[in-house]
1. Which residue pairs have Cβ atoms closer than 7 Å, lie 6 or more positions apart in sequence or on different chains, and pair a first residue in the stretch 73-91 that is over 15 Å from Val51 (Cα atoms) and part of a loop (DSSP other than H, G, I, E, B) with a second residue that is among the small types (Gly, Ala, Ser) and at pLDDT 95 or above?
2. Do we have any residue at all in the stretch 101-122 that's at pLDDT 90 or above, charged (D, E, K, R) and assigned to a loop (DSSP other than H, G, I, E, B)?
3. Working carefully through the options Thr79, Thr126, find the one that is within 22 Å of His169 (Cα to Cα) and surrounded by 21 or more Cβ atoms within 10 Å (Cβ to Cβ).
4. Could you tell me whether any residue of the stretch 91-100 is under 20 Å from the mean Cα position of the chain (by Cα), within 20 Å of Val178 (Cα to Cα) and surrounded by fewer than 18 Cβ atoms within 10 Å (Cβ to Cβ)?
5. Can you say whether Leu121 is surrounded by 13 or more Cβ atoms within 10 Å (Cβ to Cβ), of a type in the set (A, V, I, L, M) and under 26 Å from Gln170 (Cβ atoms), as far as the supplied structure shows?
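The values are calculated or read from the model by the stated rules, or taken from the named source; none is laboratory data. Please read these numbers as outputs of a predicted model, since none were measured by experiment. Positions of Cβ are backbone-derived with ideal geometry, glycine not excepted, and every protein chain shown enters the neighbour counts.
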Amino acid sequence: MKQTTFSDKRFAALAIAAILLFAVTSTAPMISSSPVAAATIANCSAGNTFVWAAFEGAGTAGTTYYVVEFSNIGSAACTLHGNATVWAVNKTGLQVGKPATHQGAPGTVTLARDGTAHSILDVVDTGATCPGQSLQSTGIRVVPPGQFLPNPAGEKDEVKYFPVEVCAHQSSMHVLPVRPGTGIPLYTTS
């Protein structure tokens, strides 16, 4: 029987730490800790960002929170900075009500290839905000942070079958800045 030495144990511990470090850095989206690091990676474009959302929202007194996801479907890492632009749409894709307002301090998220980041969309109860002046939508249009709406709008920026009720003349939705990682429906609220 071979006796285990201190150097064998140390080698095993270093090997396990290296495997864990590789697993975490290769599967999770990266957060840029310095502006210089983020500046060397290109911004995510409409062509390499796919928008999707959880249809189930977490409700509280007067507000429902939805998780909106941004996945990097490109071949290289890219960055998102700030808040998405979001508005409700009808079945023909036309805007319904006012766009969501931006809330929170913007930050930069670097998405690895196949990585996902999320944002929270708050939809306020229109019965309390604008009684009698609400409109029903069939979906939402989401333009990721730092991007512009493609012309014409396409499937990558519209979440269909996502009905929300919004106020006709004032914003009743708020969108938080993009955050690293995939949000969990019914759980993630910030």
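1. Ala77/Ala112
2. yes
3. Thr126
4. yes
5. Criteria met by Leu121.
This table checks each residue for (1) within 18 Å of Gly47 (Cα to Cα); (2) at pLDDT 80 or above; (3) of a type outside the set (A, V, I, L, M, F, W, C).
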{"residue": "Gly127", "(1), (2), (3)": "no, yes, yes"}
{"residue": "Ser134", "(1), (2), (3)": "no, yes, yes"}
{"residue": "Lys160", "(1), (2), (3)": "no, no, yes"}
{"residue": "Glu165", "(1), (2), (3)": "no, yes, yes"}
{"residue": "Leu176", "(1), (2), (3)": "no, yes, no"}
